[in-house]
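A.B. asks: Below are the structure tokens for one structure; questions will follow.
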Amino acid sequence: GGVVVFVPDYLDYCDFRAFMRKLSEAEESAVAYMSEYSSKAQSLAARRAFEDGTAKVLLCTERAHYFRRAILHGARHIVFCQLPLDATFYAELSAYTSLSSEGGDRGTVETLFCSWDRMRLERVVGWAKARKMMCGDKTDFTM
């Protein structure tokens, strides 16, 4: 299965894209890219490459998902580099891991957040859970 790296904005996307291009040249791994500035044809080509397995990683921006709302088949792992502004995106993208499950095995969702993301975290998990997550000693959470 593939990995979807979901970045919050275009500036982060450009940084990740430059990093992944260097990494993919060194390791011969294919990466597909999809942003809000990609044309429909570029977005479709990136999705097809990801879904048929020629690209193992798909780098996608939050705005690209907002404007295109493409269903991503083949996503086994999703990495959020920051929680999305719209909490429904978290649920939508997390559900894609079950679309590509083989043998009932669900994929994984990794989310990076810090204390500055408290409002975004509250939108996704609720106020009480967000407070426990922010104030507790744990660093890994299962939802």
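A.B. asks: Between the helical axis of 40-51 and the dominant principal axis of the chain, each derived from Cα atoms, what acute angle in degrees is found, rounded to the nearest 10?
C.D. replies: Approximately 80 degrees, to the nearest 10.
A.B. asks: Can you work out the accessible area per residue across the chain, with the rest of the protein chains kept in place, probe 1.4 Å, in square angstrom?
C.D. replies: I get 60 Å² per residue for this part.
A.B. asks: Hey, can you grab everything whose amide H is under 5 Å from the amide H of Ala55? Only 5+ residues off in sequence or another chain; H modelled, so Pro and N-termini drop out.
C.D. replies: Under 5 Å from the amide H of Ala55: Phe50.
A.B. asks: A follow-up question, please. Once phi is turned into θ = phi - 60°, what whole-Hz ³J(HN,Hα) does the Karplus curve with 6.51, -1.76 and 1.60 give for every residue of the range 62-72, x standing for Gly and Pro?
C.D. replies: 4, 5, 5, 5, 4, 7, 9, 6, 6, 7, 9
A.B. asks: Can you compute the FRET efficiency between Ala87 and Ala41 using 1/(1 + (r/R0)^6), with r the Cβ-Cβ distance and R0 = 41 Å? Round to the nearest 0.05.
C.D. replies: 0.85
A.B. asks: Further question on the same structure: Using a Gaussian network model on the chain with a 10 Å cutoff between Cα atoms, which of Asp52, Asp15, Asp117 fluctuates the most?
C.D. replies: Comparing Asp52, Asp15, Asp117 in the GNM, the peak value goes to Asp15.
A.B. asks: If you don't mind, there's one more thing I want to ask. First compute the accessible area of the chain with a 1.4 Å probe, then give the percent of it belonging to carbon and sulfur atoms. Can you show the working numbers first?
C.D. replies: Working: 4680 of 8650 Å².
Its accessible area is 54 percent carbon and sulfur atoms.
A.B. asks: Here's something else I'd like to know. If ligands, DNA and RNA are left out, what is the accessible area of Phe19 with a 1.4 Å probe, given in Å² to the nearest 10?
C.D. replies: Roll a 1.4 Å probe over it and Phe19 shows about 120 Å².
A.B. asks: Which of the lysines could a cross-linker span from Lys138 if the Cα-Cα distance has to be under 19 Å and same-chain partners fewer than 8 positions apart are dropped?
C.D. replies: Lys129
The values are calculated or read from the model by the stated rules, or taken from the named source; none is laboratory data. Just so we're clear, the structure is a prediction, and the values are computed from it rather than from any experiment. With ideal geometry, Cβ positions are generated from the backbone for all residues, glycine too; neighbour counts draw on all protein chains shown. We work out accessible area using only protein heavy atoms, side chains counted, and drop any ligands, DNA or RNA first. Shrake-Rupley method; radii C 1.70, N 1.55, O 1.52, S 1.80 Å.
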